[in-house]
Amino acid sequence: MNSNRKKQVGLLLIVIVIAGLLAVLTGGGVAQADSAPKPLHPGGTWYGNTYAEWSTEWWKWASALRADATHPLIDDYKVKCDLGQDGDVWFLGGTYAESGVADRECDVPAGKALFFPIVNVLCSEFTGDDPAALLECAANPTVPSDFEFQMNPLSATIDGTEVKNLKKYYALSEKTFTLGPLPKPNIFGAAKDAVGQGASGGYYLLLPPLSVGEHVIAFAGEIVVLDPDGVPVYHFTLDIAYDLTVVDD
């Protein structure tokens, strides 16, 4: 190889290296890490509903399904994510297992937004309780007056990217909503065809549709009740992971 040719090759290599370095410095080299979808803003209206309104729809979905081994909040392995789902937004959830831990796999059609609670509570009454009392309960869940109730979103990651400022994703019922007629068995242990009112508070995320392929959604939260001395008398932690496959029908 003559000296001019060597200079041309050397120059080409230098240009390639510099271009690669610039891509990293400007973000081009981390496009994959930044490609994880970000939750939609909790102050907006998305797919026709606010976060609070979607939380109402989430409880209606969860309560309308039979509380058997196939229920998406009870099954902890290959979940039938399509159960009870309709429209542009599909729901995911935590677990009713005493351990608070679930590691699930499921398929989701392309084009579906995903709405799920990190941690949430429901105040419900199937004997006609005062709606104002239910709303107050959802905002300040009923515990002895000198005890403290805490509900904390601990973490959430989408494809390994952490969701920041989880406290801003709190949604509280603006009004009570109707649950039922309920199936038997149901997640409340109520009678078949029972109808009642509910109100809810919690931390939720709404994700825009994920790209076709494999995704991992993980989230954790806790509920703690402290006695007057600040000693925990109740502590429940949720630790949930979904291995999702988004399929293009």
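With the requirement that a residue be farther than 30 Å from T45 by Cβ and hydrophobic (A, V, I, L, M, F, W, C), what does region 207-240 give you? Within region 207-240, V224, V225, L226, V231, V233, F236 meet the criteria. Within region 148-174, the set of residues being loosely packed, with under 15 Cβ neighbours inside 10 Å, assigned to a loop (DSSP other than H, G, I, E, B) and in contact with a strand residue (DSSP E or B) (Cβ under 6 Å, 6 or more places away or on another chain) is empty.
Of all the criteria given as (1) among the acidic types (D, E); (2) farther than 21 Å from D76 by Cα; (3) in contact with a strand residue (DSSP E or B) (Cβ under 8 Å, 6 or more places away or on another chain), the one not satisfied by E214 is (2).
Determine whether S145 is of a type outside the set (D, E), in a loop (DSSP other than H, G, I, E, B) and farther than 23 Å from A67 by Cβ. So S145 passes the test.
Filtered by the rule that a residue be of a type in the set (A, V, I, L, M, F, W, C) and either within 15 Å of V143 (Cα to Cα) or in contact with a His (Cβ under 7 Å, 6 or more places away or on another chain) (or both), region 210-235 gives I223, V224, V225, L226, V231, V233. Within region 174-221, the set of residues being within 19 Å of the chain's Cα centre (by Cα) and acidic (D, E) comprises just one member, E214. Considering (1) crowded, with 20+ Cβ neighbours inside 10 Å; (2) in contact with a Cys (Cβ under 7 Å, 6 or more places away or on another chain), the lone condition that F116 does not fulfil carries the number (2). If you go through region 63-84 and keep only what is of a type in the set (S, T, N, Q) and surrounded by fewer than 16 Cβ atoms within 10 Å (Cβ to Cβ), you end up with just T70.
Looking only at region 179-194, filter to residues that are touching a residue at least 40 places away in the same chain (Cβ under 8 Å) and under 19 Å from S55 (Cα atoms); which one of those is surrounded by the fewest Cβ atoms within 10 Å (Cβ to Cβ)? The qualifying residue surrounded by the fewest Cβ atoms within 10 Å (Cβ to Cβ) is F188.
Taken together, the values in this text are just the output of simple stated rules run on the coordinates, not laboratory data. Keep in mind that this is a model prediction, so the values were computed, not measured. All Cβ positions, even for glycine, are placed from backbone atoms using ideal geometry, and neighbour counts span all protein chains on display.
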